[in-house]
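Trainee: The structure's right below; bear with me while I get my questions together.
The values are calculated or read from the model by the stated rules, or taken from the named source; none is laboratory data. Fair warning: this is a prediction, and the values are worked out from it, not measured in the lab. Reconstructed Cβ throughout: ideal geometry from the backbone, glycine too, with neighbour counts over all protein chains shown. These area figures cover heavy atoms from the full protein model, side chains too; ligands, DNA and RNA do not enter into them. Shrake-Rupley method; radii C 1.70, N 1.55, O 1.52, S 1.80 Å.
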Amino acid sequence: ILLDELCLAPNEHEYSIVPSLLGLFDTEQRKSVKERFLDINMNCSGILFFSTTNTYSNLSGAIQSRLTSFDIEPPTREEMVSICQSIYKGYLKEKKLGEFFKKSLPKKVTELLSNQTPREAKKALIASIKKAFINAKVDEEIEISVADINLQALREKTSHAIGFVH
């Protein structure tokens, strides 16, 4: 089970999920977890829990003590070129647009996006695909260009490390 952005989990008042997580993350307690809505006991010992967080320090000490932390470095510029190509091809396949577009991104586009995070690059690529599709000429294979990318949005972004915690 993947718990994404665990640092955003409510930890105050009646809506706190932290007490439940403490039981799930403890290897002995997860053998007998009480599900309150259905009023049943569950054995969760066979479940692997993974979580991600952007700010490990925001997690409570009790949660931190039950996790093993792994820092994952952001992709290099070279890796981002490959990631951008993969995002591009995957989006075209998902939306069934492959027949209208060139099979790969031009080098200038991947170089421009290679200093972004994968999430920022994906957002920029999807927007540029939509823009290029709208502005395309009939019966012409579409190639994404630097002009299709919202450079202003990219300039406003700052680089952040990518980190995951389990």
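Trainee: Using 5 Å bins from zero, what percent of all Cα-Cα pairs in the chain falls into each bin?
Mentor: Percent of Cα pairs in each bin: 1, 8, 14, 14, 12, 10, 9, 10, 9, 7, 4, 2, 0.
Trainee: Among the lysines, which fall within straight-line cross-link reach of Lys102, defined as a Cα-Cα distance under 21 Å, with same-chain neighbours fewer than 8 residues apart omitted?
Mentor: Straight-distance partners of Lys102: Lys89, Lys93, Lys122, Lys123, Lys130, Lys131, Lys137.
Trainee: Taking all protein chains in place and a 1.4 Å probe, what share, in percent, of the accessible surface of the range 1-108 do carbon and sulfur account for?
Mentor: 54
Trainee: Any chance you could give the angle, 0 to 90 degrees and rounded to 10, that helix 77-94 forms with the longest Cα principal axis of the chain?
Mentor: 90
Trainee: Compare the peptides 10-21, 126-137 by average per-residue count of other Cβ atoms within 10 angstrom and give them in order, highest first.
Mentor: By packing density, highest mean first, the sequence is 126-137, 10-21.
Trainee: Would you kindly state how much longer the chain becomes between Asp139 and Ser69 on full extension, computed as 0.36 nm times their sequence separation minus their alpha carbon distance, in nm to one decimal?
Mentor: Computed gain between Asp139 and Ser69 is 20.0 nm.
Trainee: Oh, and also: Amide H to amide H, which residues 5 or more places from Thr52 or on other chains are under 5 Å from it, using H placed in the peptide plane?
Mentor: So Thr52 has HN proximity to Leu3, Asp4, Glu5, Leu6, Val165.
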